[in-house]
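Below is one structure; the comments refer to it alone.
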């Protein structure tokens, strides 16, 4: 699921690991991660970024 993080969010898929997402990142994440971030009000759903949208190409 694609989400845009509105605040820094640490996802802990296992007790031994942490994935840190920074505010402003648009990422395709697992549903469990997305659900946790959405419930914590640290992300919003978004669509997949269009190719060339961030690299200045038209």
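What follows draws every value from the coordinates through simple rules; no lab data is involved. These numbers come from a predicted model, not from an experiment. Using ideal geometry, Cβ is built from the backbone for each residue, glycine included, and neighbour counts are taken over all protein chains shown.
Brief remarks follow.
- Label selected from [x] 43, 21, 18; [y] 70, 22, 14; [z] 73, 24, 15, the criterion being Cα extents along the principal axes in Å as computed here: [x]
- Per-residue packing, averaged as other Cβ atoms within 10 Å, sorts the ranges 9-18, 29-38, 42-51 into the order 29-38, 42-51, 9-18, beginning with the highest.
- For the chain, calculated [θ]222 nm from helices alone, where every DSSP H run of n ≥ 4 adds -39500 (n - 2.57): -4500 deg cm²/dmol
- Gain on full stretching of the segment that runs from residue 22 to residue 8 - 0.36 nm per residue minus C-alpha separation: 4.6 nm
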